[in-house]
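Enquirer: Sharing a structure, written as C-alpha cells. Questions coming.
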Protein chains: 2
Amino acid sequence: MNGLMMDVPLTIPSILKRAAQVYPEKEIVSRWSDGSITRTNYGTLYKRVVRLMNVLRDLGVQPGDRVATSAWNSSHHLELYFAIPSLGAVLHTVNIRLFPDQIRFIVNHAEDRFVFLDRSLAGLYAELQPSLTTVERYILMDDRGTPPTTMPSPASDYETLLASASDEEYFPPLEENMAAGLCYTSGTTGEPKGTLYSHRATYLHAMGACMVDSLGISEKETVMSVVPMFHANAWGLPYACAMTGAKQVFPGPHLLGGAIASLMEAEQVTLSAGVPTVWNILYQHLKQHSQKLTSLRVIISGGSAIPRKLIADYEHDLGVEVVCVWGMTELSPIGTVARLRGAMRNLPAEKQLAIRATQGISVPCVEIAILNEEGESLPWDGESTGELASKGPWVASGYYNTGKPNTALTKDGWFLTGDVAAITPYGYVEITDRKKDMIKSRGEWISSIDMENLAVEHPNVREAAVVGRHDPVRDEVPVVAVVLNEPRPQEEIAREMRDLLATQFANWQLPKLSDIRIVEALPKTSVGKLDKKVLRVQILNSET
Amino acid sequence: MNGLMMDVPLTIPSILKRAAQVYPEKEIVSRWSDGSITRTNYGTLYKRVVRLMNVLRDLGVQPGDRVATSAWNSSHHLELYFAIPSLGAVLHTVNIRLFPDQIRFIVNHAEDRFVFLDRSLAGLYAELQPSLTTVERYILMDDRGTPPTTMPSPASDYETLLASASDEEYFPPLEENMAAGLCYTSGTTGEPKGTLYSHRATYLHAMGACMVDSLGISEKETVMSVVPMFHANAWGLPYACAMTGAKQVFPGPHLLGGAIASLMEAEQVTLSAGVPTVWNILYQHLKQHSQKLTSLRVIISGGSAIPRKLIADYEHDLGVEVVCVWGMTELSPIGTVARLRGAMRNLPAEKQLAIRATQGISVPCVEIAILNEEGESLPWDGESTGELASKGPWVASGYYNTGKPNTALTKDGWFLTGDVAAITPYGYVEITDRKKDMIKSRGEWISSIDMENLAVEHPNVREAAVVGRHDPVRDEVPVVAVVLNEPRPQEEIAREMRDLLATQFANWQLPKLSDIRIVEALPKTSVGKLDKKVLRVQILNSET
C-alpha cells in the first residue's frame, strides 16, 4: 500500500523558482578577470535563466543533450547551472585545468553539442576545435579578461543571444531521475570517467548541504565557493545557496592569497569552501600582512587532508572554524563531515583536533562501510582497515557511456571509493591511503600517507611523497621523495629521515637509505593533487 | 536519459540504522507518569526495535497493516515509530485526547489490527473494546501510572513480548512510496480524515527539519517535543532527531508549567516544540517562581498564533528565541517557518517582531500560493487574500479510504489548506482567517482573527472569539464572545469594545452592542483549539 502523498519530483528548477519567489533581493556577486565586480540577485537570475532556456531552445538543444561549460565561478556559470538542467538537458562542466588532450577526450566522449566558455579561454578552444567533432557552436561569455587572439567557430556572444531571446517562461515537466549534470574525474589512472548526476541526487545533496551538521548552508551566510564550479558542482554549493537564499560571491579566476582575502572582506563573506592549498596560501598571506578577516566564520576544507596545525592556526589566530569534509565526484560529492559531538567537546584540545582532522562521519543519505578483499564488511573499531565503500541516493551507480557493464559496484551494491580507511566506533572515517598507493612489503601493508605525514615533520623537508618500487626480496619497498627548503647532502638527509621514520615504523617497513631521494619538485595533476603515477615512473626511470 | 545514480529509497529504517551506527551513545530520556526517569540510547533503541519487529511478525502483522499506538511521548512510542514502518506496516498514532466516539470511529475506519497503548489508558479501551471490531489484541506498555481497574482483552504485556522475541535482524526491502504512517485530523467539521504518510515524505520532512533555516535540529541540541507523538508525528521531531543524533527527552503526560520546567533543567534541554498555550503557561510559571532556564535556547511554536508579547517576553526575560511555524497534519506537518532574513535584521524591534509573528516563508520542498475562488493564483503583495494552497512531496494528495475520489486537490494539483492568507513580496504568509470562519457582510469579508486579536487588547478581556451569525439585512454580522478577567456589566464592556474595535474596523464591520456577549468560557476541541462550530451553535441557541 502506498502513502497518499503528492508525487512531486525533486528537480533543479524548483530550487530556482523558490529562490526567485522567496529571496528575490538576495545578492549574487561576481568578480571578473580584471578585478571588476558585478551584482545581480535571485529575482534577476530567474529572469535571465528563463531567457537562457529560450536561447538553448533556439540553438536546438533537446532533453538529454549534453551542453558543456568551460568557465570560472561567476553568475554566468550559475545561470547555466540552472538553465541547462531546467530544460532537461545535461550540464557538462569541463575542468579547465585539464590538459588539452584530456579536454578533447571528454568533450568528444560526452558528445557535447555546445560549449559555453569564458572568452579568455577562446584561444584554447580555437586550438582544440578541429578535433571536437560533436560541437556545433561556441558561446563566448565576457569574463573581462585578455581579449583572445584566436577564436573557435562558429561562435556567438552570450549577451547578444540573451538579448534577442524570448522572455516567455516555460519549464517543461521533468522526472527526478532524469540526468541533470555530468562531471569527469581527472583521475591519475586510466581515461577520465563521467559521473552522470540526476535531478534527484542533486536536489537531495543540496538539502543535505543545508543541514546544520553537514555544511550548514543557510540564508544568513554569505558563501564564497573557492572550489571551482567545474569541479564536482562546486561541492553542490551553488544549488544549496539558492535553496536557502544565501548570498553567493563568485571569485572568478583569482583564487590565491590577497585576491581571496580582499573579496572576502569587501563582500563580508562568512563561509567559504576549498582545498587545503588555498587555505594555506590565504593564511600565509594574512599572516604576512597582519591582516584579519572581519566576517569569515567557517572554512570548509576538502579534496585532501589539511594539516592539523593549519586548523589550529585558523582558530587561534583568526577565529575561523575549519570543517573538514571528504567526498568524491562520484558522491555528488559530499560523503562525510568531521564535527565534534556530544562528550567529545570536553576532550583535551589535541584530541579534539585529531578528531576534527579525520574525514568525519557519513552524512544522512550516505551509508558507508569498509570492506576486505572478499567484500565483507569490517568492524568499526578504529583499527581494521579496508576499502571505503559507499551507498546512497547521490552515489554513482556507474559511469557515463563506458560501453561495458558497470564495474564500480560490488555484488552487494557498494560503490568502491579506492580509499583505504579505518572507521572508529563512533563512525569517524580515517583514510590511511589510496588503495593503489598502499605498499605491500613481505605480505604486510605500509601506509604511504602515514609515512608522508611523518616525513614532513623533518625540519628541512617542505614536501614529501612515498611510493612503492619493486624489490626482489620484499616484493615492494617504500621510496621517499622529498623536496627540501634549502640544499643539504643526500646522505645526511637520508640518515636523519630514517631515524625519524624509525620512531613510528617497524624496521622492515623503513626505506633503504638510497631510497630516500631528494627531488626538485613533486609531480602534480592538473587539479594540484600529488600525481603518484608520474612519480612512480620518475622513480623507475631514475633507476634505469 | 536518466542519471547514473544509485536507486536507494528514502526510508524510515535507514534513519534508525545510521543513528545506531553513528550515534550509538546519544541518549533518549523518558519521564513517566509517576515522575520517574529512564534512559536509553540509539544503540539500544536499535536492538529493541529489531526485537519489536519480531514481536510484530509473531503477532502476524503484514506489510500495509495498520497498527495503532495510543500513548504519550516516551521511548516506547519511539520504538513503535521505527518498528512498525520498518516492517512495511502503517504506524497509526491515535490522538488520545479525542472524545471516545472519535477514537472508536478512527480505529474502526483505519481497521487497526493491534493497539499498543499506555497501561494507564487501559480503562478507556476496556470501554471501547466491544465496538472496536478489527482489533485483535491490545499490547499494554507500562507507563508507571495508576494501575487500570478494567482492561481490554485479549491483552499482552509489551516487555513480556519483547523479552521472548527473537533478536534476529531482518529489515525487509521497502519502496519509498509505501505507506508508513497514518494520522487523523480531529477537525472541527465533519468526520475525522486520515492522512497517509509515505516513507519518502517522512524522510524528506526529517531532512527538512534538520536544515538550518527550518527547525535547525542538530546533534548538538537536546530536544524535548512537548507536542504529542499522536499529533502529526510530533512535528516530525522524533525522526529528525534520530537523523542527526540529537538527544531526545520525552516528557510523558505532564506537560504544563513546573513539570516541563523541571525536566528541561534536569536534562539541559536546548530546543523544544509545542503550542502557544504550553509556552504561555510555562512562562507564567517561570515568572511566578522567578526561575530561569539555563540551557533552553529555542522554542518552536505552532498550532495557532502566539501573541507577539509572549515572543518578546521570552526573549527579554529568558533569553529564549521563539520561532513560529505553520503546518497541518496534511503537510507532515511543517509548511512555513518565520525567521528574519537579510536586511530585516536591521529593522526596528517592533517590525522585526511583526515579521517573526507571521507564519513565515515556505520551507524547501513546499510550494505555496494563495488562490481566489476561481482557483487563480493571487499576487504576493501583502494585501491580496486568498485560500492558502500548497504542493510538495510531503503534502497529502488525498485522505485514507474515503471511498470517493480525492477532493482535496484543485485541478492544478494544489492542496487547499482552508486558511485564508496574504503573502508579502518577500514570501511571508499572514493567515487572516480559517476560510469557514470568515464573515461575509454586505458582500465584503470581515476577518474574525483580526477582530479577535484586537478584542483581547481590552484590559478586562482574557479571551475572545468572533463568529458570524445570520442577519436578514447584512447576510452575516460578527458576534464577539468574550471571557472576562473579573465580572463587569455587559453594557459597559459592549460600549468599550465597540469603541476599541472602531479604531481598526469600518462602521459596517462592527458588531451590534447586543452581539458583544460575555461568556463563562469558550468551547475548545479535544486538542485545545477554539471550537467555533460549537460556539456558533451556542450563539444560535442563545438567540432562540
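The values are calculated or read from the model by the stated rules, or taken from the named source; none is laboratory data. Remember, it's a predicted structure, so these values are computed and weren't measured experimentally. Glycine gets a Cβ as well: all are built from the backbone with ideal geometry, and neighbour counts include every protein chain shown. All accessible areas refer to the heavy atoms of the entire protein, side chains included, with ligands and DNA or RNA removed. Shrake-Rupley method; radii C 1.70, N 1.55, O 1.52, S 1.80 Å.
Enquirer: For chain A, give the share of DSSP beta bridges that are antiparallel, in percent and rounded to the nearest 5; count only bridges with both residues there.
Expert: Antiparallel bridges: around 55 percent, rounded to the nearest 5.
Enquirer: Another question, if that's okay. Nm distances between the label at A:SER542 and the same-position labels in the remaining copies, 7 Å along Cα→Cβ, shortest first?
Expert: Those label-point separations list as 9.6 nm.
Enquirer: Let me ask you something else. What FRET efficiency would be calculated for the residue pair B:ASP475, B:THR424, taking the C-beta separation as r and a Förster radius of 22 Å, to the nearest 0.05? Can you show the working numbers first?
Expert: Details: r = 30 Å, r/R0 = 1.37.
That pair, B:ASP475 with B:THR424, gives E of 0.15.
Enquirer: Could you tell me the accessible area of A:CYS324 in Å² (1.4 Å probe, neighbours in place), rounded to the nearest ten?
Expert: 10
Enquirer: Residue by residue, what Karplus-based ³J(HN,Hα) values in Hz, rounded to whole numbers, does the stretch B:27-32 have, using 6.51, -1.76 and 1.60 with θ = phi - 60° and x for Gly and Pro?
Expert: 7, 10, 10, 10, 10, 9
Enquirer: While we're on this one: B:GLU383 to A:ASP167: FRET efficiency via 1/(1 + (r/R0)^6), r the Cβ-Cβ distance, R0 35 Å, to the nearest 0.05?
Expert: 0.85
Enquirer: Considering only the label points, 7 Å along Cα→Cβ from Cα, what distances in nm to one decimal separate A:ALA266 from the same position in each other copy, shortest first?
Expert: For A:ALA266, the inter-copy label distances come out at 5.8 nm.
Enquirer: GluC sites (Glu not before Pro), restricted to the stretch A:122-175: which are DSSP loop and have at most 10 other Cβ atoms within 10 Å?
Expert: Details: sites: A:GLU127, A:GLU136, A:GLU159, A:GLU168, A:GLU169, A:GLU175; in loops: A:GLU136, A:GLU168, A:GLU169, A:GLU175.
Loop-located and lightly packed - A:GLU168.
Enquirer: Could you tell me how many degrees, from 0 to 90 and to the nearest 10, lie between the Cα long axis of helix B:42-59 and the main elongation axis, the longest principal axis, of the Cα atoms of chain B?
Expert: 80
Enquirer: Another question, if that's okay. Between A:THR133 and A:ASP101, what is the label-to-label distance in nm when each label sits 7 Å out along the Cα-to-Cβ direction?
Expert: Placing both labels 7 Å along Cα→Cβ, they lie 1.9 nm apart.
Enquirer: Mean residue ellipticity at 222 nm from the helices of chain A, using -39,500 (n - 2.57) per DSSP H segment of n ≥ 4 over the full residue count, to the nearest 500 deg cm²/dmol?
Expert: Helix-only estimate at 222 nm: -9000 deg cm²/dmol.
Enquirer: Nearest 10 degrees, 0 to 90: what angle lies between the long axis of helix B:258-267 and the longest principal axis of chain B (Cα atoms)?
Expert: So the inclination is approximately 50 degrees.
Enquirer: Ignoring ligands, DNA and RNA, what accessible area per residue does the stretch A:366-434 give at 1.4 Å, in Å²?
Expert: Accessible surface, normalised per residue, equals 42 Å².
Enquirer: Once the Cβ-Cβ distance between A:LYS529 and A:THR503 is put in as r, and R0 is 25 Å, what FRET efficiency do you end up with, to the nearest 0.05?
Expert: Given R0 = 25 Å and the Cβ-Cβ separation, E is 0.35.
Enquirer: Next up: How much length would be gained if the chain were fully extended between A:HIS254 and A:SER290, taking 0.36 nm per residue of separation minus their Cα-Cα distance, in nm to one decimal? Present the calculation step by step, with values, prior to reporting the outcome.
Expert: Details: separation 36, 0.36 × 36 = 12.96 nm, distance 2.10 nm.
So the extension gain works out to 10.9 nm.
Enquirer: Among the aspartates and glutamates, which have Cα under 18 Å from the Cα of A:LYS292 when same-chain residues fewer than 8 positions away are ignored?
Expert: Counting by Cα, and skipping residues close in sequence, A:LYS292 has these aspartates and glutamates nearby: A:GLU265, A:GLU267, A:ASP313, A:GLU315, A:ASP317, A:GLU321.
Enquirer: Just which residues of the stretch A:323-354 lose 30 Å² or more accessible area with every protein chain there, against their chain alone, with the probe set to 1.4 Å?
Expert: Correct list: A:ARG341, A:ARG345.
Enquirer: How much area per residue is accessible in the stretch B:58-211 when the probe is 1.4 Å and only protein heavy atoms are counted (Å²)?
Expert: Accessible area per residue: 34 Å².
Enquirer: Can you list which of the trypsin sites (Lys or Arg not before Pro) found in the stretch B:66-116 are DSSP loop residues with at most 16 other C-beta atoms within 10 Å?
Expert: Hits after loop and neighbour filter: B:ARG97.
Enquirer: Can you classify the stretch B:313-353 as rounded, prolate or oblate using the Cα gyration tensor, where a ≥ b ≥ c are the square roots of its eigenvalues, rounded means a/c under 1.5, and otherwise it's prolate if a/b beats b/c and oblate if not? Don't skip to the answer; put the middle values down first.
Expert: Details: a/c = 3.53, a/b = 1.62, b/c = 2.18.
Cα axes put the stretch B:313-353 in the oblate bin.
Enquirer: To the nearest 10 degrees, how steeply does helix B:12-22 sit against the main Cα axis of chain B, on a 0 to 90 scale?
Expert: For B:12-22 against chain B, the angle is about 70 degrees.
Enquirer: Also: Among the GluC sites (Glu not before Pro) in the stretch A:408-457, which ones are in a DSSP loop with at most 14 other Cβ atoms within 10 Å of the Cβ? Mind listing them?
Expert: Working: sites: A:GLU430, A:GLU444, A:GLU452, A:GLU457; in loops: A:GLU457.
Passing both the DSSP loop test and the Cβ count: A:GLU457.
Enquirer: Once the label point is placed 7 Å from Cα along Cβ, list for A:LEU500 the distances to the corresponding points in the other copies, in nm, shortest first.
Expert: 7.9
Enquirer: To continue, here is another question. Whenever you get a sec, compute what percent of the accessible area on the stretch B:438-542 sits on carbon and sulfur atoms (1.4 Å probe).
Expert: Carbon and sulfur: 49 percent of the exposed surface of the stretch B:438-542.
Enquirer: Can you say what percent of the DSSP beta bridges in the stretch A:278-396, counting only those with both residues inside, are antiparallel? Round to 5.
Expert: The antiparallel proportion sits near 75 percent.
Enquirer: Turning to a different aspect of this structure: Excluding ligands, DNA and RNA, what is the accessible area buried between chains B and A, summed over both sides, using a 1.4 Å probe, to the nearest 100 Å²?
Expert: Result for this pair: about 5600 Å² buried.
Enquirer: What full-extension length gain, to one decimal in nm, is calculated for B:ALA266 and B:GLU463 as 0.36 nm per residue of separation minus the Cα-Cα distance?
Expert: Using 0.36 nm per residue and subtracting the Cα-Cα distance, I get 67.6 nm.
Enquirer: Measure up A:LYS220/B:LYS309; A:LYS287/A:LYS436; B:LYS404/B:LYS436; A:LYS309/A:LYS440; A:LYS391/B:LYS26 against 27 Å on the Cα-Cα distance and list the ones that go over.
Expert: The pairs that break the limit, which is 27 Å between Cα atoms, are A:LYS287/A:LYS436; A:LYS309/A:LYS440.
Enquirer: Please list A:THR410, A:THR11 in order of solvent-accessible area, largest first, computed with a 1.4 Å probe with all protein chains present. List each step's numbers first, then the result.
Expert: Working: A:THR410 35, A:THR11 15 Å².
In descending accessible area the options line up as A:THR410, A:THR11.
Enquirer: Let me ask you something else. Just for the stretch B:45-178, what percent of DSSP beta bridges are antiparallel, to the closest 5?
Expert: Expressed as a percentage, antiparallel bridges in the stretch B:45-178 total about 0.
Enquirer: Under the definition of Cα pairs under 8 Å and six or more residues apart, what whole-number percent is the relative contact order of chain A?
Expert: Reported relative contact order: 10 percent.
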